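Structure first, commentary second.
The values are calculated or read from the model by the stated rules, or taken from the named source; none is laboratory data. No experiment lies behind these values; they were computed from the predicted model shown. Don't worry about glycine lacking a Cβ; one is built from the backbone with ideal geometry, like all the others, and counts go over all protein chains shown.
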Amino acid sequence: MRKSIHKLLTQNQTFISFIYGLIVVNVICLVLESYSEYRTNYHLFFEWFEYISVGIFTLEYLLRLWTAKYEEKYANRTGSKTLLFFVSTLGLIDLIAILPFYLPFLFTIDLRVIRMLRLFRLLRIFKLGRYSKSMRIVKSVLNDTKSELTITLFIAFILMVISSTLMYYLEHDSQPEKFASIIHSFWWAVATLTTVGYGDVYPVTSLGKLVSGLIALIGIGIIALPTGIISSSFITKIQNKNKQSCTCPNCGTSFDSHS
């Protein structure tokens, strides 16, 4: 029975489509609830839909815990398969997607905190990663480029610190309220290096403008680095996927898809 339930959770397309649709409708309801007229007129509907959704997601989560020992990725892992699923990325996403609903029943929580906890309902969208091939590719690409992206982010952080320090010493005397400290200057560095250019803080001295222009040009390159890394990995993944589709599943012989 346990094995059959695991097969239902992981391979049954009807069940997968149902959960997929339920997640999408949850996100739509969360957006609609932000409108006061919908929230007032359809309060009962939103409330009951939340109860039903949480009930289904909770049952799914408990069944996945119960059938975790049949997960192929845990086949060669030692220790409790249930614990492995519990601490896995998808397991934690499943837990966080339902936990905020139960917390007010377990603890006395301030109303403002409850409102903040409701925002965690949006995390249910990440459950789509289990069912969507596209999101699985995105996850795979991010895992493959993790080290390169970490290095890029570290370089960007160093440049932001240097830029903030430079602009503090160049602009502090002219704009002591906007460049009050290096930490205050950090906001300008973020807006400039990411090429957002928010415009609320900007240099007024000639040297400050010159340095600001150079930093903005460097920022274009910094933004291009992770974009290029991720794009390259995506192309490689798609090419590998196309090669696999042009391979005989029985004998492994490659063939030309155009022949």
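Numbers below:
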read-out	value
Top-ranked residue in segment 150-189 [being under 19 Å from the mean Cα position of the chain (by Cα) and surrounded by fewer than 16 Cβ atoms within 10 Å (Cβ to Cβ); ranked as farthest from Val211 (Cα to Cα)]	Thr150
Any hit, segment 17-32, residues being within 21 Å of Ser4 (Cβ to Cβ) and without any contact (Cβ under 8 Å) to a residue 24 or more places away in the chain	yes
Segment 193-220: number of residues that are closer than 15 Å to Ser163 by Cα, more than 24 Å from the chain's Cα centre (by Cα) and in a helix (DSSP H, G or I)	12
Members of segment 196-217 that are at pLDDT below 85 and exposed (fewer than 14 other Cβ atoms within 10 Å of the Cβ)	Val196, Gly197, Tyr198, Gly199, Asp200
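Listed here are the residues, each with its yes/no results for (1) under 23 Å from Thr227 (Cβ atoms); (2) in a loop (DSSP other than H, G, I, E, B); (3) in contact with a Ser or Thr (Cβ under 6 Å, 6 or more places away or on another chain).
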{"residue": "Thr150", "(1), (2), (3)": "yes, no, no"}
{"residue": "Glu177", "(1), (2), (3)": "no, yes, no"}
{"residue": "Ala180", "(1), (2), (3)": "no, yes, no"}
{"residue": "His184", "(1), (2), (3)": "no, no, no"}
